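Right, one structure below, let's go through it.
The values are calculated or read from the model by the stated rules, or taken from the named source; none is laboratory data. These figures come from a predicted structure and were not determined experimentally. Positions of Cβ are generated from backbone atoms using ideal geometry, with glycine treated the same way; all protein chains shown enter the neighbour counts.
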């Protein structure tokens with residue numbers, strides 16, 4: 001018992017070190033990705049190929065002057081960076097990144113008598129734990145906006161609150177679609193059910209993205225909003241709010257907000273890989289290595305292989321994060337709200353009801369194969385898009401006749417009414 005506890009503590013410390021190191025170099029990867037998309041070079045001065053740039057940035061943050069506004073609530077002002085960083089790190093505790101170490105394995109004198117899950121904790125409500133941590137993360141943004149004593153920060157906090165309420169609903173429903181279909185809220189069980197292939201299509205891995213594409217689309221969109229990434233970064237919109245909720249922060253307190261964003265990206269990518277992208281499953285090559293689908297319980301070699309596969313998928317998903325940020329423009333706030341309430345929430349409710357109906361028909365023996373859920377997702381998406389097209393269009397972007405404007409010119413000889421002055 002004590003050995004298992006020490007092993008979980010060791011895994012937690014190793015994960016914390018890996019995540020903090022990854023955060024530093026994700027910032028460099030972000031800048032290099034932006035340079036690649038914009039046809040620039042990017043950081044290349046500090047160290048070989050710019051590899052020491054994260055260290056230089058860290059030293060710069062440490063040496064910067066600490067500043068607390070006079071009108072700020074000092075306790076909440078100092079608490080906010082901690083409140084936003086902690087949930088992002090805690091969420092990784094329930095991620096099954098290495099599968100199960102089978103009984104009989106040994107490592108530096110430690111003999112495993114029972115199968116050992118390579119994760120910090122394996123609760124029965126792992127999906128709910130992830131949702132709870134995602135809900136807590138927004139409190140750091142709200143506290144920072146309120147405690148700064150600045151109108152720009154306060155508006156950023158208000159936007160974050162509205163964004164949280166709007167996008168957590170489809171986020172929860174997307175995860176529940178998978179949990180209902182699998183029949184478990186344990187992330188380890190959800191990951192293990194994807195380690196195989198469909199019987200009707202033996203070449204296709206039985207990942208949840210192929211049976212729940214709508215849930216995957218909703219989840220991907222929502223984690224962009226939950227981590228305040230562009231095009232959903234309305235809480236820190238530089239064009240309107242200077243810096244949003246962290247306008248008044250400097251030195252390492254500002255760095256914690258910066259690092260928390262990338263920690264949330266890592267956590268979101270880990271949950272996406274676990275729930276939809278097969279987790280540690282290595283498709284097709286596992287048939288060459290094992291002769292059959294990849295087993296859940298392996299020795300140390302299999303655990304290391306699963307760890308590498310899991311993190312490789314995460315890096316690809318994080319690159320997708322960055323690609324979207326430097327490709328799509330930022331939404332307006334009314335567009336952000338309309339997307340959630342008129343588009344994503346109805347679609348998420350439809351996908352959740354579809355998943356419940358599929359499970360019921362499967363238990364009754366009407367539907368046997370999971371690929372019928374993919375057919376239902378396609379039909380639901382087509383129906384929802386048709387319904388949305390029938391709804392009246394918004395009038396927020398209506399054109400206004402402007403005299404002598406090249407964007408909306410008045411017809412020749414037409415009488416343009418005088419503007420009404422209030």
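Report, by residue number, each residue of region 238-252 that is surrounded by fewer than 21 Cβ atoms within 10 Å (Cβ to Cβ) and either at pLDDT 80 or above or within 17 Å of residue 329 (Cβ to Cβ) (or both).
Once the filter is applied, which keeps residues that are surrounded by fewer than 21 Cβ atoms within 10 Å (Cβ to Cβ) and either at pLDDT 80 or above or within 17 Å of residue 329 (Cβ to Cβ) (or both), region 238-252 yields 238, 239, 240, 250, 251, 252.
Criterion first (assigned to a helix (DSSP H, G or I) and surrounded by 14 or more Cβ atoms within 10 Å (Cβ to Cβ)) does residue 59 satisfy it?
No.
For region 356-371, what are the residues that are more than 27 Å from the chain's Cα centre (by Cα) and within 14 Å of residue 207 (Cα to Cα)?
Once the filter is applied, which keeps residues that are more than 27 Å from the chain's Cα centre (by Cα) and within 14 Å of residue 207 (Cα to Cα), region 356-371 yields only 369.
Suppose we filter 339, 349, 277, 287 for residues that are surrounded by fewer than 20 Cβ atoms within 10 Å (Cβ to Cβ) and modelled with pLDDT of 90 or more; which single one remains?
Of the residues listed, the single one that is surrounded by fewer than 20 Cβ atoms within 10 Å (Cβ to Cβ) and modelled with pLDDT of 90 or more is 349.
Any idea how many residues of region 33-56 are in contact (Cβ under 8 Å) with a residue 60 or more places away in the chain and touching a helix residue (DSSP H, G or I) at 6+ places or on another chain (Cβ under 9 Å)?
3
Answer yes or no: is there a residue in region 164-180 that is under 20 Å from residue 340 (Cα atoms) and free of Cβ contacts under 8 Å to residues at least 24 places away in the same chain.
Within region 164-180 (the criterion being under 20 Å from residue 340 (Cα atoms) and free of Cβ contacts under 8 Å to residues at least 24 places away in the same chain), the answer is yes, since at least one residue qualifies.
Could you check region 290-311 and list, in sequence order, the residues that are surrounded by fewer than 22 Cβ atoms within 10 Å (Cβ to Cβ) and under 17 Å from the mean Cα position of the chain (by Cα)?
Across region 290-311, the qualifying residue is only 311.
Could you tell me which residue of region 312-334 is farthest from residue 234 (Cα to Cα), considering only residues that are crowded, with 18+ Cβ neighbours inside 10 Å and either in contact with a strand residue (DSSP E or B) (Cβ under 6 Å, 6 or more places away or on another chain) or without any contact (Cβ under 8 Å) to a residue 60 or more places away in the chain (or both)?
Filtering first and then ranking leaves 313.
Restrict the check to region 273-292 and report whether at least one residue is under 16 Å from residue 118 (Cβ atoms) and part of a helix (DSSP H, G or I).
yes
Taking region 29-49 as the region of interest, how many residues are part of a helix (DSSP H, G or I) and modelled with pLDDT of 85 or more?
10
Looking at (1) under 23 Å from the mean Cα position of the chain (by Cα); (2) over 21 Å from residue 221 (Cβ atoms); (3) modelled with pLDDT of 80 or more; (4) not in a loop (DSSP other than H, G, I, E, B), which one does residue 266 not meet, given that it meets all the others?
Of the numbered conditions (1) under 23 Å from the mean Cα position of the chain (by Cα); (2) over 21 Å from residue 221 (Cβ atoms); (3) modelled with pLDDT of 80 or more; (4) not in a loop (DSSP other than H, G, I, E, B), the odd one out for residue 266 is (2).
Report whether or not residue 374 is touching a residue at least 60 places away in the same chain (Cβ under 8 Å) and assigned to a helix (DSSP H, G or I).
Yes; evaluated as a whole, the condition is true for this residue.
Is it the case that some residue within region 62-73 is within 22 Å of residue 16 (Cα to Cα) and assigned to a helix (DSSP H, G or I)?
Scanning region 62-73 turns up at least one residue that is within 22 Å of residue 16 (Cα to Cα) and assigned to a helix (DSSP H, G or I).
Which residue out of 156, 149, 140 is under 30 Å from residue 77 (Cβ atoms) and within 18 Å of the chain's Cα centre (by Cα)?
Answer to the selection: 140.
Which numbered condition in (1) more than 20 Å from the chain's Cα centre (by Cα); (2) crowded, with 24+ Cβ neighbours inside 10 Å is the only one that residue 102 fails?
(2)
Out of 258, 224, report the one residue that is over 22 Å from residue 179 (Cα atoms), surrounded by fewer than 24 Cβ atoms within 10 Å (Cβ to Cβ), out of contact with any helix residue (DSSP H, G or I) (no Cβ under 6 Å at 6 or more places or on another chain) and in contact (Cβ under 8 Å) with a residue 24 or more places away in the chain.
Among 258, 224, only 258 is over 22 Å from residue 179 (Cα atoms), surrounded by fewer than 24 Cβ atoms within 10 Å (Cβ to Cβ), out of contact with any helix residue (DSSP H, G or I) (no Cβ under 6 Å at 6 or more places or on another chain) and in contact (Cβ under 8 Å) with a residue 24 or more places away in the chain.
Only one of 116, 108, 154 is surrounded by fewer than 16 Cβ atoms within 10 Å (Cβ to Cβ), at pLDDT below 85 and farther than 27 Å from residue 28 by Cα; which?
Matching residue, one of 116, 108, 154: 108.
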